[in-house]
Amino acid sequence: MVARTKHAYIICEYLLKNNYIDEHSHEKICGSILHELNLDFDFNNNLSKHLINYCTNLDIDNLAFKMGQVNLSRFWMLELGVLIQPNLLLALQFIIENQTHTFPFAKIEMLFDRHFYFTIEPLIFSTPNEDGYIFSVEYHLSQLFNIVKTLVPSISYPKKISVKFPPPKDVSLYKEYFNCEVIYNSNENRMSFGVSRTKLTEHSNTISYSKIEKKILYFLELSRATHKPASEFKNKINFILNQCDNNFPNEDTLANQLNMHPRTLRRKLKAEGESFRKLITEYKMKKAINLLTMTKLNYKQIAYQLGFKSSTSFSKSFKNWTGYPPQKYRNND
């Protein structure tokens, strides 16, 4: 997770650290988020959606704000990009233009009228009164607020915030956290700061090459420690599985398709910390989540596509994988 830290990863870490989730549930909900470096867009969004729903169901005051207090160093490539910018305006623009690499929960834009402001539009939820929509906005309001405070020390609080959703039960939470005017039921999610474009360009950013070098060396070392040298091998197997429809190969058949002995297959998988059974289970779980959240197929049809003999056996396996029966997982999305 070093090279491509995700917001979902940070939230999973926060939940476990603060005992908001037990280790078993953490593995069920966050396992794929923590272990998979190259999730496709739809699958990543589905996992994030399920994670956000888990957070909103906790019903903890201010949780999204607390989770959004993300230090920029967690996104180290963005931080390095910021350090080499000649002024604060370009530093902020660099973050916003490249924030998609952090797998955010919303599309964020930086704009100007008299002062600079951010707009936030959730990517995973579309209805402003949904708990997940509100969580996504609050999380990124907090994230942007903390980044701006870090980069622009003269700013203590936003000038104004407007959101599309109605006032929460406790409106004082916003007042205490942001200490500014908050407009609810607005036509956009927006956070404004009382600083002009000209003022931001006046602030030169002193580059510390020794600091940049130190960070690069640190993350190079960390990346080497967590590098998976044979990830291409797993991709080849997943490609084969994608071609199998509902007729999944056994270990011997898969080895034959890869032109190797089954013992060689087991050895290569072990070198990656994998096993044939774990790999098949992971593939079926991901495909099941995609079919549940991205299609209207019934459970019997999904079970057939995954090679199960009945919807009952599929439901039992899905609950073992995720902690939820298929119906509840689909309804919670």
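Taking the stated definitions as given, is Thr281 under 30 Å from Phe125 (Cα atoms), hydroxyl-bearing (Ser, Thr, Tyr) and either surrounded by fewer than 14 Cβ atoms within 10 Å (Cβ to Cβ) or touching a residue at least 60 places away in the same chain (Cβ under 8 Å) (or both)? So Thr281 fails the test.
Looking at Asn235, Asn250, just one residue is exposed (fewer than 14 other Cβ atoms within 10 Å of the Cβ) and closer than 18 Å to Asn44 by Cα, and that residue is Asn235.
Across region 269-290, the qualifying residues are those that are among the charged types (D, E, K, R) and either touching a Cys at 6+ places or on another chain (Cβ under 7 Å) or farther than 28 Å from Lys49 by Cα (or both), and the one among them that is modelled with the lowest pLDDT is Glu272. For region 293-327, name all the residues that are in a loop (DSSP other than H, G, I, E, B) and either touching a strand residue (DSSP E or B) at 6+ places or on another chain (Cβ under 7 Å) or under 26 Å from Phe125 (Cβ atoms) (or both). Hits for region 293-327 are Thr295, Lys296, Leu297, Asn298, Gly323, Tyr324, Pro325. Per the conditions (1) in contact with an Asp or Glu (Cβ under 8 Å, 6 or more places away or on another chain); (2) at pLDDT 95 or above; (3) hydrophobic (A, V, I, L, M, F, W, C), the sole criterion not satisfied by Ala230 is (2). Pairing each residue of region 87-107 that is closer than 17 Å to Asn146 by Cβ and modelled with pLDDT of 90 or more with any residue that is in a loop (DSSP other than H, G, I, E, B) and aromatic (Phe, Trp, Tyr), provided the two are 6+ apart or on different chains, yields C-beta distances under 9 Å for Ile95/Phe75; Phe105/Phe125. Phe41 fulfils the conditions (1) surrounded by 15 or more Cβ atoms within 10 Å (Cβ to Cβ); (2) modelled with pLDDT under 85 except for a single criterion, (1).
A single member of Thr198, Thr264 is at pLDDT 90 or above and over 30 Å from the mean Cα position of the chain (by Cα), and it is Thr264. Within region 47-79, the set of residues being polar (S, T, N, Q) and either outside the structural domain of Pro167 (by TED's automatic domain parsing) or part of a helix (DSSP H, G or I) (or both) comprises Ser48, Asn53, Thr56, Asn57, Ser73.
Apart from one condition, Trp321 fits all of (1) closer than 21 Å to Gly31 by Cβ; (2) in contact with a Phe, Trp or Tyr (Cβ under 6 Å, 6 or more places away or on another chain); the exception is (2). In region 299-317, of all residues being farther than 20 Å from Pro249 by Cα and surrounded by 15 or more Cβ atoms within 10 Å (Cβ to Cβ), the one that is farthest from the chain's Cα centre (by Cα) corresponds to Ser311.
Yes/no matrix, rows are residues, columns are (1) surrounded by 15 or more Cβ atoms within 10 Å (Cβ to Cβ); (2) of a type in the set (A, V, I, L, M); (3) in contact with a helix residue (DSSP H, G or I) (Cβ under 9 Å, 6 or more places away or on another chain); (4) modelled with pLDDT under 90:
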{"residue": "Phe116", "(1), (2), (3), (4)": "yes, no, yes, no"}
{"residue": "Pro122", "(1), (2), (3), (4)": "yes, no, yes, no"}
{"residue": "Phe125", "(1), (2), (3), (4)": "yes, no, yes, no"}
{"residue": "Asp131", "(1), (2), (3), (4)": "yes, no, yes, no"}
{"residue": "Val137", "(1), (2), (3), (4)": "yes, yes, yes, no"}
{"residue": "Leu141", "(1), (2), (3), (4)": "yes, yes, yes, no"}
{"residue": "Val152", "(1), (2), (3), (4)": "yes, yes, yes, yes"}
{"residue": "Lys160", "(1), (2), (3), (4)": "yes, no, no, no"}
{"residue": "Asp170", "(1), (2), (3), (4)": "no, no, no, yes"}
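Within the span defined as region 131-140, every residue fails to be within 22 Å of Phe178 (Cα to Cα) and not in a helix (DSSP H, G or I).
The values are calculated or read from the model by the stated rules, or taken from the named source; none is laboratory data. Only a predicted model underlies this, so the values are computations on that prediction, with no experimental measurement involved. All Cβ positions, glycine included, derive from the backbone under ideal geometry; neighbour counts span all protein chains shown.
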